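See structure below.
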Amino acid sequence: MSSVQVIDSAVLRQQFKTGKQELLQAFREARPTIAAASALMRKLARHVDATLQTLWRQAGLPETAALAAVGGYGRGELFPYSDVDVLVLLPDGMEAHQPGALKSSIEAFITACWDVGLEIGSSVRTLGECLGEAAGDVTVQTAMLESRCLAGSKPLYKRFEQQLAAAMDARAFFRAKTLEMRQRHTKFADTPYALEPNCKESPGGLRDLQVLIWIARAAGLGKTWPQLAAKGLITPFESRQLQRNEGLLSLIRCRLHAVAGRREDRLVFDLQTAVAESFGYQPKGSQRTSEVLMRRYYWAAKAVSQLNQILMLNLEERINGSADAPMRRINAHFLDRAGMLEVDGDDLFEREPHAILETFLVYQQTPGIKGLSARTLRALYNARGQMNSAFRRDPANRALFMQILQQREGQTHAFRLMNQTSVLGRYLWVFRRIVGQMQHDLFHVYTVDQHILMVLRNVRRFFIPEHAHEYPFCSQLAAQFDKPHLLYIAALFHDVAKGRGGDHSDLGAVEARRFCRAHGLSKDEAELVVFLVQHHLTLSRVAQKEDLSDPEVIAAFARQMHDARHLTALYLLTVADIRGTSPKVWNAWKGKLLEDLYRLTLRALGGAKPNLEADIEARKQEARQILALHSMLPDTETPLWATLALSYFARHDAGDLAWHARSLWRHVESGQPIVRARPSPVGEGLQVLVYAPDQRDLFARICGYFDSAGFNILDAKVHTTRSGYALDTFQVISADSDQHHRDLVSLVEAKLGQALAAQGALPEPRRGRLSRRVKSFPFTPRISLRPDERATAWLLSISTSDRTGLLYAIARVLARHGINLQLAKISTLGERVEDTFLLDGAALQQNRSQLQIETELLDAVSLPA
């Protein structure tokens, strides 16, 4: 072995660090182009190559061993902070001849790599071990598939390549990578439209493109997009599209690494703006800088998803030899190829543009069809230019679109397919504007188009008997609704005007009216659809912000609804909408509020005159019956009920009245705080009853306990008896989802009782950690304080970002000014809160003190600096 000049590790470390920094700095300063990203990745790989080759020479390893780059590094392209995976390849039997010296040399090489700042992932295997492990582990097989020789014995590496290729089972590899990709897609919710997507692993990310190349390489069909085009697996146009979108995703990932200064493949909220600014993007109208970037990302990810689907089907046909599978003709335009819908000719959509929408109608109508074939997907991809304004105005196409909406089944999958293939946005041009549009309202977790399709899915499930157990009341109402397609149209249009500025409900109603007119809906049908779009937030707002025990609130809402049909349709759309924003937004308490408002309004629409006294008497009688079932003596309730005003009975149902009476009948004049809790009758959480001598800061102390104990308050009702006691009820849930609420009953009763018995000043609210989303997209707090319609109380409305201790901070301000709370409606929408309080107190009658209260409340709810 010839002598090798040894370079000190400290010098090598500095050279490696300086070289990488210079490459990254040049990239940051260069125009953000695909070519710049591609050049950076190649130069980084060569820079690492040179360092590894120097260290390999200095380590004194045998000439018969080899060093190979594997995994992503093996492609000869390296992202700024990606893994550097290497394989030390040994000939079979070498370890037996010189075990000690060989082991020391390998350890010295790996240590030297880390010493100079190369955070490598290393493996040491003989040729036989490589082939054995590759046979049993598809991940190892994939890493070795993309390898290249860096140093050492080229003959050994050549044998490794040849034997790996000979041992490759293309069918088994295809099956394994397909299952792996499905599992990965499931992990990322099967959507490229997550608000914080992983640009490498999410559906539509770089991994979806790498899987295609791996499978093609394993089958000997090519290593590059042009090679796949030459084999007839993709068209030259698709090859260019794949290269362009891969380049864009690589550019975004390079910029993301450069901005983060670490390996970070998620476009998290904290980094989106900085990455967008590194591209030189500026806000566009109401669009944030980050939204400009994310819209571009989503369009690229959508294209990758489409092309991945086409090429995966083509690879399956080529590898499994299913291209010549027998086909069954469905009609003049389509065939059934082993359960996939196949076009009758690649130029079908050019010859017959009407067949574009017919594709989805046939998909719905034909039993056994589980998807679109590669040929059909490709034909749709290439037919995008056909879907112009004339296509959208064509009466035949409008009739086909209405047929798709009016089918007995299949709308959910048909519309998802239409969106995936870009047909939906090209037919409904207004829909195209919201594809890939983010929503920074702190509670939606999907882009606007994905949210709309989720709401459509939810509405559709109300009409499917198999899903009746999910929403029994909704399914019951849906079974009596004769034209489901009107609800589907409303779902499609309810948020279609998001992001334009102005009221999206009003703007969406204009678009819905235009659609109804163009598609031949009757006057009554169109009026219902427009009504639903315009008022899709109304039912939720009234249920969660107003006092449903007030007959005037119900009467006013009933006047807005017109009739039972409008009310039922709006109720179904509202439940579907809330369920489609985020898995965290819906809870059983919200469901109860919506259902209570629906039933009260339906009764008012039926002509029943508000008769509060009769209603309360019926409620009392039902409560007495419940008490009797619990073996309580007659008149058990009298001592408590005699001290309470009419508003108490109006705001509680019979079950609550009976529980309160049963809990307090021996404690009406006890003088001590009484706390009782039970699992909530309406779903998850606890219902907590507090009965104590009234004091100025009582509500604040209760909120302080719930804050410190990690409970979220969903609802609060506050009453004061004629004998000076507070009777307050709370609906709470534990922030710890692993806690069983039944187990918390005794704990809450004991600890809250102790907190109320304590004297002294109120403790400071906790300043909990803010979520990344709240930090990245702060929501400007809004406060409204105004008299109610009868001028007997005040309505305080607060909208702000959610955080630990928020309600307690509000309660402390109210207590400080001696303000009494009658009712609190707490509405948490993801990471935003919309709280409404009914108040009274002398301080509210003076302009100066009112201004002071509002200022202090704004300070209390504002985010910490």
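Residues that are basic (Lys, Arg) and touching a residue at least 40 places away in the same chain (Cβ under 8 Å) within region 499-519 comprise just one, ARG500. If you go through region 756-798 and keep only what is at pLDDT 75 or above, open to solvent by 30 Å² or more (accessible area, probe 1.4 Å) and part of a helix (DSSP H, G or I), you end up with just ALA757.
Give me a count of the residues in region 262-281 that are in contact (Cβ under 8 Å) with a residue 60 or more places away in the chain and either among the hydrophobic types (A, V, I, L, M, F, W, C) or surrounded by fewer than 21 Cβ atoms within 10 Å (Cβ to Cβ) (or both).
Qualifying residue count for the region: 12.
The residues of region 629-641 that are in contact (Cβ under 8 Å) with a residue 12 or more places away in the chain and either open to solvent by less than 70 Å² (accessible area, probe 1.4 Å) or in a helix (DSSP H, G or I) (or both), listed by number, are MET632, THR636, GLU637, PRO639, LEU640, TRP641. Hey, among the residues in region 195-248 that are part of a helix (DSSP H, G or I) and within 21 Å of the chain's Cα centre (by Cα), which one's nearest to ARG288 (Cα to Cα)? Across region 195-248, the extreme among qualifying residues is LEU206.
Rundown of residues vs (1) in a helix (DSSP H, G or I); (2) surrounded by fewer than 21 Cβ atoms within 10 Å (Cβ to Cβ), yes/no style:
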| site | (1), (2) |
| --- | --- |
| ILE404 | yes, no |
| LEU424 | yes, no |
| MET438 | no, no |
| VAL459 | yes, no |
| HIS469 | no, yes |
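Looking across region 50-90, just one residue is touching a residue at least 60 places away in the same chain (Cβ under 8 Å), β-branched (Val, Ile, Thr) and under 27 Å from VAL259 (Cβ atoms), and that is THR51. The residues in region 800-813 that are open to solvent by less than 20 Å² (accessible area, probe 1.4 Å) and under 14 Å from ILE713 (Cβ atoms) can be counted, and the count is 6. The listed residues are PHE188, PHE174, and the only one of them that is farther than 17 Å from ASN245 by Cβ and more than 20 Å from the chain's Cα centre (by Cα) turns out to be PHE174.
Residue-by-condition table, conditions (1) modelled with pLDDT of 95 or more; (2) in contact with a strand residue (DSSP E or B) (Cβ under 9 Å, 6 or more places away or on another chain); (3) farther than 26 Å from GLY222 by Cβ:
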residue	(1), (2), (3)
LEU67	yes, yes, yes
GLU77	no, no, no
GLU95	no, yes, yes
ILE106	no, yes, yes
GLY121	no, yes, yes
GLY128	no, no, yes
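Do we have ARG500 as open to solvent by 10 Å² or more (accessible area, probe 1.4 Å) and touching a Gly at 6+ places or on another chain (Cβ under 7 Å) here? No, not satisfied.
Out of the residues in region 512-534 that are assigned to a loop (DSSP other than H, G, I, E, B) and open to solvent by less than 40 Å² (accessible area, probe 1.4 Å), which is nearest to LYS717 (Cα to Cα)?
Among those residues, the one meeting the criterion is LEU521.
Taking region 164-200 on its own, how many of its residues are open to solvent by 60 Å² or more (accessible area, probe 1.4 Å) and among the basic types (Lys, Arg)? Number satisfying all stated conditions: 4.
Annotation note: of ARG742, ARG696, the sole residue that is touching a Pro at 6+ places or on another chain (Cβ under 7 Å), open to solvent by 40 Å² or more (accessible area, probe 1.4 Å) and farther than 24 Å from GLU622 by Cα is ARG742. Residues that are touching a helix residue (DSSP H, G or I) at 6+ places or on another chain (Cβ under 9 Å), open to solvent by less than 30 Å² (accessible area, probe 1.4 Å) and of a type in the set (Val, Ile, Thr) were ranked within region 642-685; the one that is nearest to TYR705 (Cα to Cα) is VAL675.
Scanning region 37-84 for residues that are in a helix (DSSP H, G or I), in contact with a helix residue (DSSP H, G or I) (Cβ under 6 Å, 6 or more places away or on another chain) and among the small types (Gly, Ala, Ser) yields a total of 3. Taking region 287-305 as the range and being in contact with a Gly (Cβ under 9 Å, 6 or more places away or on another chain) and either modelled with pLDDT of 90 or more or over 26 Å from THR33 (Cα atoms) (or both) as the test, the residues that pass are MET294, ARG296, TYR297, TYR298, TRP299, ALA300, ALA301, LYS302, ALA303, VAL304, SER305. Within region 588-628, the set of residues being free of Cβ contacts under 8 Å to residues at least 60 places away in the same chain, among the hydrophobic types (A, V, I, L, M, F, W, C), more than 27 Å from GLY683 (Cα to Cα) and surrounded by fewer than 16 Cβ atoms within 10 Å (Cβ to Cβ) comprises ALA608, ALA614.
With respect to (1) at pLDDT 80 or above; (2) surrounded by fewer than 20 Cβ atoms within 10 Å (Cβ to Cβ), the lone exception for PRO864 is condition (1).
Among the residues of region 836-854, those that are within 15 Å of ALA815 (Cα to Cα) and open to solvent by 10 Å² or more (accessible area, probe 1.4 Å) comprise LEU838, ASP840, GLY841, ALA842, ALA843, SER849, GLN850, GLN852, GLU854.
The values are calculated or read from the model by the stated rules, or taken from the named source; none is laboratory data. As the structure is a computational prediction, the values presented were derived from the model and not from experiment. Cβ: placed from backbone, ideal geometry, glycine included. Neighbour counts: every protein chain shown. Keep in mind that these areas ignore ligands, DNA and RNA; they rest on the heavy atoms of the full protein, side chains included. Shrake-Rupley method; radii C 1.70, N 1.55, O 1.52, S 1.80 Å.
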